[in-house]
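A quick write-up on the structure given underneath.
The values are calculated or read from the model by the stated rules, or taken from the named source; none is laboratory data. Keep in mind the model is a prediction, meaning the values are calculated, not measured. A quick note on method: Cβ atoms are made from the backbone with ideal geometry, for glycine too, and the neighbour counts reach across all protein chains shown.
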Amino acid sequence: MVMLAPLLALAVLGASDTCGDARCDTAACPCGCECGNATDPGVCYVPAEKAPARCDEEPVAAPTVLVTGATGRLGSLLYHRLRAATHADGASAYTVRAFVRSVDKARSVLSCTKCDASEGIYIGEVNDTAALRVASLGAYAVAIAVGASPSDTPAQQKATEFTGVENQLAALAQTANLAAAGGAAGLRVVLCSSMGTTSPPGSGYGDILFWKLNAESFLAASGVPFAVVKPCGLVDTAGSNSTLLVGHDDTLLTTQPPLIARADVAALMEASLASAAPRILRFDVCSTPGAPPADLATLLAKAEYPWQQ
Ligand SMILES: *[C@@H]1O[C@H](CO)[C@@H](O)[C@H](O)[C@H]1NC(C)=O
Ligand SMILES: *[C@@H]1O[C@H](CO)[C@@H](O)[C@H](O)[C@H]1NC(C)=O
């Protein structure tokens, strides 16, 4: 009973201000309160002299990017890269989500444990508009690393390469996201497409390049700023170890060998998202032995048309 008296007294005193009976010898004071005065080093109180801090501002969460095809060879590199990206002060640059087909693959490739929405992992296919909308709610950007295989049926190739891109963009541009982004121009898409779309599809690729080109046209008309990265042949060699060449209209197909590391493509996709200004960017990229680019932002600027600079 003896110990209770001072506590009760404090509670009564504290009730007169917004700090309540919070104590800073056990936890941080509430917003707007300071810790410890001359009579009690453990009390939380409203400072008399300073204007109270604004308490209605929640810390701003890093903007949310959805990576689709995130367990693929390119998508997983991009996923981990975006997760590791920080601002100069060390804060995460992005809140990263993954849209994947297999929870088991997510577990092995994305180092998740529950591998559900609580960890930003969403299970579905790009033909599943409902699943895409759930995964996209709250995102400002989608990074598309989904691709069809030449062994897929023609219908699957169209569903993945074209209709799937339409679905992903529509999910991103759902009403709540448009409102949060201040309209379509506040959203972002980055798509990994492919070089080789200037001539009719040859044997071996089925309709994949045709549908990729259709997806690019759709994005260009969508009103959402976008970057379409069109790499030459993708390989799993080390990134940041080659000179990168940018161009248009398949002129880089003469590069020998016409190959680029997936890690370099992931880095370029990240760099095009990191750009503060909305981008309208569609470019070929390939690599050649030599020094890697010092600065990807400069390389992306080189990939623009002269009248965009
Ligand atoms: C999506 O396509 C798969 C086949 O690839 C099919 O099994 C599934 O039912 C489709 N989902 C929707 C929502 O259409
Ligand atoms: C970097 O590229 C050179 C060829 O330009 C190659 O010899 C070397 O093995 C590569 N380094 C790594 C880490 O792959």
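A few remarks follow.
- Top-ranked residue in region 268-289 [being part of a loop (DSSP other than H, G, I, E, B) and surrounded by 11 or more Cβ atoms within 10 Å (Cβ to Cβ); ranked as nearest to ligand 2 (Cβ to nearest atom)]: 275
- Once region 214-243 is narrowed to residues that are touching a Gly at 6+ places or on another chain (Cβ under 9 Å) and outside any loop (DSSP other than H, G, I, E, B), the residue that is surrounded by the fewest Cβ atoms within 10 Å (Cβ to Cβ) is 243.
- Scanning region 154-183 for residues that are touching a strand residue (DSSP E or B) at 6+ places or on another chain (Cβ under 7 Å) and within 17 Å of residue 99 (Cβ to Cβ) yields a count of 5.
- Qualifying positions in region 104-132 - within 13 Å of ligand 1 (Cβ to nearest atom) and either at pLDDT below 95 or in a strand (DSSP E or B) (or both): 123
- Cβ pairs under 9 Å, 6+ apart, first in region 284-296 and more than 12 Å from residue 267 (Cβ to Cβ), second part of a loop (DSSP other than H, G, I, E, B) and polar (S, T, N, Q): 286/255; 288/255; 288/256; 289/241
- From the options 185, 148, 135, 141, residue that is in a strand (DSSP E or B) and either among the aliphatic types (A, V, I, L, M) or within 16 Å of ligand 2 (Cβ to nearest atom) (or both): 141
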